[in-house]
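Since every read-out is calculated from the coordinates, none of them should be taken as a lab result. Source: prediction; values computed, not measured. Here Cβ is always computed from backbone atoms with ideal geometry, including for glycine, and neighbour counts include all displayed protein chains.
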Amino acid sequence: MPAADTSRTIITDLSQLDPEGSYTYADYLVWQFRERVELIRGRLFKMSPAPNLSHQKVSRELSRIFFNYFNKKNCQVFSAPFDVRLPVSRKKGQTTTVVQPDLCVICDESKLDEQGCNGAPDLIIEILSPGNSKREMRDKFQVYEEAGVREYWLVNPQDRVVLIYILDETGKFVGLAPVTDEDPLRPTIFPDLDVDLMEVFR
């Protein structure tokens, strides 16, 4: 387990941080305030303290489906809060992107440690909430693509639709046709997993 850098000041209140500052994972380790935050290319993003009811219900149902499917399989499923450190835009060799996806699937066990995941998950699912900013959504899309996430789902409970992006052979995300609650949904990288969106969005 990496120890917090004792030369760094322990931060106990979010207000002690410069919202326009640039931070690293080493900084992140000494933050001891209650608020949940993410780092994207060194920039601080505050997460919603309590996702709304629709978000919670969708997250619960997707977690159930994925945990049941991957039980006794080689891949592992994790839900937020779970730190994922991505190897993008490093600052003097230090990690500057730490995110907490709503759900992720990791098939390479070597990426897992006591702090979470160090590297790109195979599948990431983000559930949209009213608090998500357009900049946050854009930046996450870019870092997930750059890190090599094989498949990325953006779930919109309000519109009852899922946007799916697949990493192609050139390392770029390709968007598939939007999937509604009337359509069958299967992860491209796990084609025998059926997700019933009517159940997810009910």
q = 0.13 Å⁻¹, the stretch 120-202: log10 I(q)/I(0) [Debye, one scatterer per Cα]: -0.41
Pairwise FRET efficiency - residue 158 versus residue 17, Cβ, R0 = 45 Å, nearest 0.05: 0.90
Nitroxide proxy distance, nm - points 7 Å out along Cα→Cβ at residue 34 and residue 112: 3.1
Contact order relative to length of the stretch 53-200, as percent, for alpha carbon pairs under 8 angstrom and 6 or more apart: 18
Added length on full extension, which subtracts the Cα-Cα distance from 0.36 nm per residue, residue 26 to residue 181: 51.6 nm
nm² value of the averaged projected area, convex hull over the Cα atoms of the stretch 78-173: 6.7
Among 185, 86, 62, residue whose mean-square fluctuation peaks in a GNM of the chain (springs only between Cα atoms under 10 Å): 185
